[in-house]
Amino acid sequence: MQHKVVAGGVLRRNYFIDVRDADFQRGLNKAVENRWLKIKLRDRYSYELTDVGLAAGLSAGFAANHSA
């Protein structure tokens, strides 16, 4: 949510550089399983945010609040 990607937008692997590889892979697998993300077929380091994923992020309170 911090990168302000809309549904159908692309997330890149380097957006998650501060996450350990093992944790990232587990999270990625769970996000694909929950249909929050789709892995792009031609670029395994690009992920498409789905409508379900955007709704899940917003409902979990991950919306970026930059007013502080």
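The values are calculated or read from the model by the stated rules, or taken from the named source; none is laboratory data. It should be emphasised that the depicted structure is a prediction, and the values quoted were computed from it without experimental measurement. No Cβ is skipped: glycine too gets one built from the backbone with ideal geometry, and neighbour counts run over all protein chains shown. Surface areas here come from the heavy atoms of the whole protein model, side chains and all, with no ligands, DNA or RNA. Shrake-Rupley method; radii C 1.70, N 1.55, O 1.52, S 1.80 Å.
Could you list, ordered by first residue, the pairs with Cβ atoms under 6 Å in which the first is in the range 1-21 and loosely packed, with under 14 Cβ neighbours inside 10 Å and the second is modelled with pLDDT under 80 and assigned to a helix (DSSP H, G or I), at least 6 apart or interchain?
Listed by first residue and then by second, the contacts come to His3/Tyr15.
So, in the range 26-55, how many residues would count as being in contact (Cβ under 8 Å) with a residue 12 or more places away in the chain and either open to solvent by 60 Å² or more (accessible area, probe 1.4 Å) or part of a strand (DSSP E or B) (or both)?
12
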